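Inspection log for the structure reproduced underneath, given as structure tokens.
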Amino acid sequence: MAYDPDNIFAKILRGEIPNDTVHEDEHALAFRDIHPVRPVHVLVIPRGAYVDVGDFAVRATADEIAGFWRAVAAAAEKAGVAGGGYRLIANTGANGGQEVPHFHVHIVGGGRVGPMVSPRPDRN
């Protein structure tokens, strides 16, 4: 899948769409999700044009990769969940539930987040 420069996260990075910034640096932007699933729900996106985690892992520089993960940790700290725990989610592709074709990580927390996934409907 090719990167779409008109995706919503690209527009946020260009300042065309406002956001509630939690953390920002030269490698990433972290902001509150507009449809939070937990009391704390922050999205962290790299500044580069990467479709998903595989694309990011293959094409990003070592500095971009390290800087991104440092930004994830900084955002969790600034959002107030670093001490109590949180979950990182990176949906990838249609079957993984990725809705925006720009690599991003969800930080969810602010309370117990529950099971990783729901049980399969064909199992008890």
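Residue count for segment 84-106 satisfying the condition of being in contact (Cβ under 8 Å) with a residue 24 or more places away in the chain, within 17 Å of F31 (Cβ to Cβ) and of a type outside the set (G, A, S): 7.
On the stretch given as segment 110-124, residues that are modelled with pLDDT of 90 or more and at positive phi total 2. D52 - would you say it is charged (D, E, K, R) and surrounded by 19 or more Cβ atoms within 10 Å (Cβ to Cβ)? Yes; evaluated as a whole, the condition is true for this residue. Has segment 64-83 got any residue that is among the hydrophobic types (A, V, I, L, M, F, W, C), surrounded by 14 or more Cβ atoms within 10 Å (Cβ to Cβ) and farther than 15 Å from V42 by Cβ? Yes, segment 64-83 contains at least one residue that is among the hydrophobic types (A, V, I, L, M, F, W, C), surrounded by 14 or more Cβ atoms within 10 Å (Cβ to Cβ) and farther than 15 Å from V42 by Cβ.
Yes or no, residue by residue, for (1) assigned to a loop (DSSP other than H, G, I, E, B); (2) over 17 Å from A28 (Cα atoms); (3) without any contact (Cβ under 8 Å) to a residue 60 or more places away in the chain:
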{"site": "A57", "(1), (2), (3)": "no, no, yes"}
{"site": "V72", "(1), (2), (3)": "no, no, yes"}
{"site": "A82", "(1), (2), (3)": "yes, yes, yes"}
{"site": "V108", "(1), (2), (3)": "no, yes, no"}
{"site": "G111", "(1), (2), (3)": "yes, yes, no"}
{"site": "M116", "(1), (2), (3)": "yes, yes, yes"}
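The values are calculated or read from the model by the stated rules, or taken from the named source; none is laboratory data. Bear in mind that the values here come from a model prediction, so they are computed numbers and not experimental data. Reconstructed Cβ throughout: ideal geometry from the backbone, glycine too, with neighbour counts over all protein chains shown.
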